[in-house]
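Below is one structure, written out as structure tokens; the observations come after it.
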Amino acid sequence: MAMGVAVLLLQTSEKVIRTCMTYVLQKKTPLTLESLHAQEKSERKKTLGYFLDQLRLRADIQVGFDALLEEFLTNRNYFVHDIWRVPGWGLESPEQTVKAKQFVSTLIEQSEAVTKIFLGLISAWQKQVGVPMNDLSDHEYFPEIDNIYRPLVSQLFMAKDN
């Protein structure tokens, strides 16, 4: 069950990161309908690693957060593509099962943290440009994003000096 939860959280994290890279940390400004369609078409099959590389090109990232992103990407790739590379991974012995559960638990925690941070970035951007939240702001998840993660955005993401 935890592996299924991890898959769903990973998909959510990736969608939130893609949304940030499309709308918040735009490749080209101003974003037009034509450029949005072209960008979506060209980035449709791009990897999470590509979007994190693009993030680093568009913003200076706080060192600790960048380390979290790098570890998250590595763990995500092991989980999705090569689970046997995880040290001690297995389901054939109690020891292996403990290692597997620890890895999946860590991945879930990383995915939740990354998602919340990027949602904080989206929330800060929405507030800055005046995009209304509508029905989502009442959801139990969003007060935490607005109260904890939105204030961290300026510490984690800095404008590039170019």
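The values are calculated or read from the model by the stated rules, or taken from the named source; none is laboratory data. Being a predicted model, the structure only gives us computed values, none of them experimental. When we count neighbours, we look across all protein chains shown, and the Cβ atoms used for this are built from the backbone with ideal geometry, even at glycine.
Computed quantities for the displayed model
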{"quantity": "Lone unmet requirement of (1) among the acidic types (D, E); (2) closer than 20 Å to S13 by Cα; (3) modelled with pLDDT under 90 for E34", "calculated": "(2)"}
{"quantity": "Test result for T97, surrounded by 12 or more Cβ atoms within 10 Å (Cβ to Cβ), without any contact (Cβ under 8 Å) to a residue 24 or more places away in the chain, of a type in the set (S, T, Y) and more than 14 Å from M3 (Cα to Cα)", "calculated": "no"}
{"quantity": "Matching residues, segment 57-77, being within 13 Å of the chain's Cα centre (by Cα), surrounded by fewer than 16 Cβ atoms within 10 Å (Cβ to Cβ) and either touching a residue at least 24 places away in the same chain (Cβ under 8 Å) or farther than 16 Å from Q110 by Cα (or both)", "calculated": "E71"}
{"quantity": "Residue in segment 112-129 that is farther than 24 Å from A59 by Cα, surrounded by 13 or more Cβ atoms within 10 Å (Cβ to Cβ), hydrophobic (A, V, I, L, M, F, W, C) and modelled with pLDDT under 95 present", "calculated": "no"}
{"quantity": "Where a residue in segment 24-47 is without any contact (Cβ under 8 Å) to a residue 24 or more places away in the chain and its partner, wherever it lies, is part of a loop (DSSP other than H, G, I, E, B), with Cβ under 7 Å and at least six apart", "calculated": "S35/K28; Q39/K27"}
{"quantity": "Scan of segment 79-90 for residues that are surrounded by 17 or more Cβ atoms within 10 Å (Cβ to Cβ) and free of Cβ contacts under 8 Å to residues at least 24 places away in the same chain, ordered by number", "calculated": "V86, W89"}
{"quantity": "Residue check for L121: touching a Ser or Thr at 6+ places or on another chain (Cβ under 8 Å) and closer than 24 Å to A6 by Cα", "calculated": "no"}
{"quantity": "Test for V104: is it more than 22 Å from T115 (Cβ to Cβ) and either part of a helix (DSSP H, G or I) or not aromatic (F, W, Y) (or both)", "calculated": "no"}
{"quantity": "Residue check for S35: assigned to a helix (DSSP H, G or I) and either on the phi > 0 side of the Ramachandran plot or surrounded by fewer than 13 Cβ atoms within 10 Å (Cβ to Cβ) (or both)", "calculated": "no"}
{"quantity": "Residues that are among the small types (G, A, S), closer than 19 Å to P151 by Cα and under 9 Å from the mean Cα position of the chain (by Cα), drawn from segment 94-124", "calculated": "A113"}
